[in-house]
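Working notes for the structure below.
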Amino acid sequence: MTIAEPTLTAGGPALPQERRLVTEIPGPRSVALMERKHGAVAGGVSTTMPVYARAAGGGVVVDVDGNSLIDLGSGIAVTGVGNAHPRVVEAVAAQAALSTHTCFMVTPYEGYVAVAEALNRLTPGDHAKRSALFNSGAEAVENAVKIARAHTGKPAVVAFDHAYHGRTNLTMALTAKSMPYKRGFGPFASEVYRAPVSYPFRDGGMTGTDAARAAISRIETQIGADQLAAVIIEPILGEGGFIVPADGFLPTFAAWARDNGVVFIADEVQTGFARTGRMFACEHEGVVPDLITTAKGIAGGMPLAAVTGRAQIMDAVHAGGLGGTYGGNPVACAAALAAIDAFENDGLCEAAERIGEIVARRFGELAASDPRIGDVRGRGAMIAVEFVRPETGEPDAELARRVAAAAHTQGVIVLTCGTYGNVIRFLPPLSIPLELLVEGLDIVATALRDVHTDSAR
């Protein structure tokens, strides 16, 4: 089969914004590539869908067989501005023509400083801030913990139930779920403790303030604030199931941390950069973290991450204590500056709000007549549907798996998540045409209708 190349513009592939299936999913070229993967790539690297991408833009991913798939995943919340966003592509090309690397720790460059200035300006709070740039969300989290320990001189760190913070040794310790993230990889870093989080669907209607006080009581009893360097939390717990803590949970914890000399770290790797309808999810409750970690959406698909925080905390680390060969790569910094310009000036926070309203309304209406939908939750373009067994309320991971698999065969990219594996999450690019979004939701809804409860177990 001969597949025509997409028309190229100055800003990347100009792809028709449509779902189009010309083969079964997966098509023959993807099948052949999957066979090559099995012979060349480590088995521990899995894929959600057995299709191989050739181009992407707007709200679609085009595979090597010419199928155009509706993208409701954004590469796990990375391409918020849209894949191959024109200004990002232009900035990457221009910087790559000048230099691809010098190492900021050897011969620094303006792009790194400009990204740090932008993050210091955009993140919550009007206090003096500093930023340091890294390569991935996990690396940012590791460095946030390092910075908190250096500032406080204390060893302990608290993470929460249902948390996900990465796959490195320390971030695996911070992550709550064993399989597939932790099993067989220990021993893990020490002085990491876990506290309960507010999970409104499953904690009996406890208020956010009461849930925070219960967790604080456990921390004070089992660890002691005098030993605690930091608490780290995702404002919306991502891989754990898009859990939105009840109102009051985050502010209560932030206030307690401030009063006890504990660094409050907000992990906004998945929630940051307009994803929830605000530039950062902390803003929904007016929480100002001491440190904030960012990655994913920051650079339109280029690898970049950051820790931003209070100047006196960030500057506690000795010279040379932070950094890395690739951290703040100049091409990634150019991409970030272009993406940040889009987030600020292209109405993407408002777009996220519109997307969230459409997704939540559609599945809220379905939930009224389908008891297998236990909960619909999230903020902005970060919405999840939790599936349960109606007679018990227990998680139904098999139903979530089957619904996602059925949507995949119809050309819709959706992702599952959740501590119990029973959640489908919606993370479309903020640039997705709304009619394409609605079509994708229709297909997921049809898949749910056609997967009967008995066959889903």
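The values are calculated or read from the model by the stated rules, or taken from the named source; none is laboratory data. Everything numeric in this text was worked out from a predicted model, so none of it was measured. Every residue, glycine among them, receives a Cβ derived from its backbone with ideal geometry; neighbour counts consider all protein chains shown.
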So, of the residues in region 24-70 that are part of a loop (DSSP other than H, G, I, E, B), among the hydrophobic types (A, V, I, L, M, F, W, C) and out of contact with any strand residue (DSSP E or B) (no Cβ under 7 Å at 6 or more places or on another chain), which turns out to be nearest to Phe273 (Cα to Cα)?
Val45
Inspect all residues belonging to region 124-138 and state whether any of them is farther than 30 Å from Pro235 by Cβ, buried (at least 16 other Cβ atoms within 10 Å of the Cβ) and not hydrophobic (A, V, I, L, M, F, W, C).
no
Just to verify a result, which residue in region 61-118, among those that are closer than 30 Å to Cys417 by Cα and among the acidic types (Asp, Glu), is farthest from the chain's Cα centre (by Cα)?
Asp65
Filter pass, Thr392 being of a type in the set (Ser, Thr, Tyr) and within 23 Å of Asn135 (Cα to Cα):
no
Select from region 280-298 the residues that are assigned to a loop (DSSP other than H, G, I, E, B) and either among the small types (Gly, Ala, Ser) or more than 16 Å from Gly309 (Cα to Cα) (or both) and list them in ascending order.
Gly286, Ala295
Give me the strands (runs of 3 or more DSSP E) completely within region 303-415, filtered to those with at least 2 residues that are in the same structural domain as His101 (by TED's automatic domain parsing), ordered by residue number.
305-310
Residues that are more than 19 Å from Gly272 (Cα to Cα), assigned to a helix (DSSP H, G or I) and touching a residue at least 12 places away in the same chain (Cβ under 8 Å): does region 71-88 have at least one?
yes
Just one of (1) out of contact with any Pro (no Cβ under 7 Å at 6 or more places or on another chain); (2) in contact (Cβ under 8 Å) with a residue 24 or more places away in the chain trips up Gly347, so point out which.
(2)
Scan region 225-255 for residues that are touching a residue at least 60 places away in the same chain (Cβ under 8 Å) and assigned to a loop (DSSP other than H, G, I, E, B) and jot them down.
Glu234, Ile236, Gly238, Glu239, Gly240, Gly241, Phe242, Val244
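Per-residue answers, yes or no, for (1) outside the structural domain of Tyr420 (by TED's automatic domain parsing); (2) in a loop (DSSP other than H, G, I, E, B); (3) of a type in the set (S, T, N, Q):
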position	(1), (2), (3)
His151	yes, no, no
Lys154	yes, yes, no
His162	yes, yes, no
Gly166	yes, yes, no
Leu170	yes, no, no
Met179	yes, yes, no
Pro187	yes, yes, no
Ser190	yes, yes, yes
Gly204	yes, yes, no
